[in-house]
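What follows is a set of notes on a single structure, which appears directly below.
The values are calculated or read from the model by the stated rules, or taken from the named source; none is laboratory data. Given the structure is predicted, the values throughout are model-derived calculations rather than measurements. Neighbour counts run over all protein chains shown; Cβ positions are idealised from the backbone, glycine included.
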Amino acid sequence: MFALKPISRDSVDGALARAERYRLLNEPHEAESICRDILDVDPANRQARISLVLALTDEIPEDAGAFARAIEAMSDMETEYDRTYYSGIAWERRAKASYAASGVGTSGYVYDWTVRALRLFGEAEHLRPAGNDDAILRWNACVRFLDRHKELGPKTEEAPEPILSE
């Protein structure tokens, strides 16, 4: 088996820019790999942690396990705001990925997951740094999503969560 090679601390800024480019090119697995390399040499790097979480949430439509990995990666975030806001992002993206996949019986989950994202964005709004309206922007996007999709509603019966990988 091959061993991973560490990057130098001097290359972190360039690697962060590269990770962002891979996310923009819709190659989140590449961005995830780069972020993990950065965090191996600089575990406290906030931007790498954020980029990792965002790359993982980008993977949700194709990889059902990405949601759990994103939630796990958030536990290492240093502020309550970051943990709350990015948890909201993960729940929102999970809901939208499920909606896009149009799995039978997922309507209640899409609604409930979107409402969970709304709750998290509401909490993040109260924790946000001055001048940071990101949580409000995400809140508004979720509200507009629900307004566009009136067919969505709360789950009416207890059923197992849909498998998103099929």
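One residue is enough: does the range 128-150 have a residue meeting the conditions of a type in the set (Lys, Arg), closer than 18 Å to Arg94 by Cα and in contact (Cβ under 8 Å) with a residue 40 or more places away in the chain? Yes, the range 128-150 has at least one match. Kindly provide the set of residues from the range 52-63 that are more than 9 Å from Ala90 (Cα to Cα) and surrounded by 24 or more Cβ atoms within 10 Å (Cβ to Cβ), ordered by number. Scanning the range 52-63 gives Leu52, Ala55.
Set side by side, the residues Glu72, Glu92, Glu62, Glu125 differ, and just one is outside any helix (DSSP H, G or I) and either of a type outside the set (A, V, I, L, M) or assigned by TED's automatic domain parsing to the domain that holds Leu25 (or both), which is Glu62. Against the test of being surrounded by 18 or more Cβ atoms within 10 Å (Cβ to Cβ), in contact with an Asp or Glu (Cβ under 6 Å, 6 or more places away or on another chain), closer than 27 Å to Asn140 by Cβ and in the same structural domain as Leu127 (by TED's automatic domain parsing), the options Thr106, Thr84 yield a single qualifying residue, Thr84. Applying the set (1) in a helix (DSSP H, G or I); (2) more than 19 Å from Tyr85 (Cβ to Cβ); (3) among the small types (Gly, Ala, Ser) to Ser51 leaves exactly one unmet item: (2).
Could you tell me whether the range 9-17 includes any residue that is within 16 Å of the chain's Cα centre (by Cα), surrounded by 12 or more Cβ atoms within 10 Å (Cβ to Cβ), in a helix (DSSP H, G or I) and not assigned by TED's automatic domain parsing to the domain that holds Ala90? No - not one qualifying residue is present in the range 9-17.
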